[in-house]
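Structure first, then comments.
Please treat every number below as a calculation from the coordinates, not as lab data. Since the model is a prediction, treat every value here as computed from it, not as a measurement. Cβ coordinates were reconstructed from backbone atoms using ideal geometry, including for glycine residues, and neighbour counts include every protein chain displayed.
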Amino acid sequence: MKTSATLADIKTEGDIKTLVDALCHKATNDTLLGPRYGAAARIHWPQYLTSQYRYWSTTLLGKQLEEGEPVPALLALPTSGPHIDHWLSLFFSTVEECFAGSKAEEAKLLARQLATRLQTTRVRELPVD
């Protein structure tokens, strides 16, 4: 197992993909978040992943988008309740398992800010069967 001393920081698009894929794998298999992520997988998974890659590349690596604000249009979790806090906990643990450094810490700060925004802004949620 890697320790924080041996983990690299988030630097590339490949690192963003690693972070998003690891988080989505955890969330898909999670008791609380799994149904929402399962709905995303059945309905919008490629678009959802692309949206997440673009959002985190834009916010962490400064990649420019062709249009608009980078907040993902579709989210696999509701905008209130325990889901947001649980997602944030999974996000933090995923970052800490995969990366260490200033960008990793920035990712956690940005995730906390996104969670706060989601709780105060109405975003289109994915339906759950």
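Restricting the trypsin sites (Lys or Arg not before Pro) of the stretch 25-63 to loop positions (DSSP other than H, G, I, E, B) with no more than 15 neighbouring Cβ atoms within 10 Å leaves Lys63.
Extension gain for Arg117 to Thr31 (0.36 nm times residue separation, less C-alpha to C-alpha distance): 28.6 nm. If R0 equals 35 Å, the separation of the Cβ atoms of Glu96 and Ile43 corresponds to a calculated FRET efficiency of about 0.70.
Taking label positions 7 Å along the Cα-Cβ direction at both Ala8 and His86, the computed distance is 3.3 nm, reported to one decimal.
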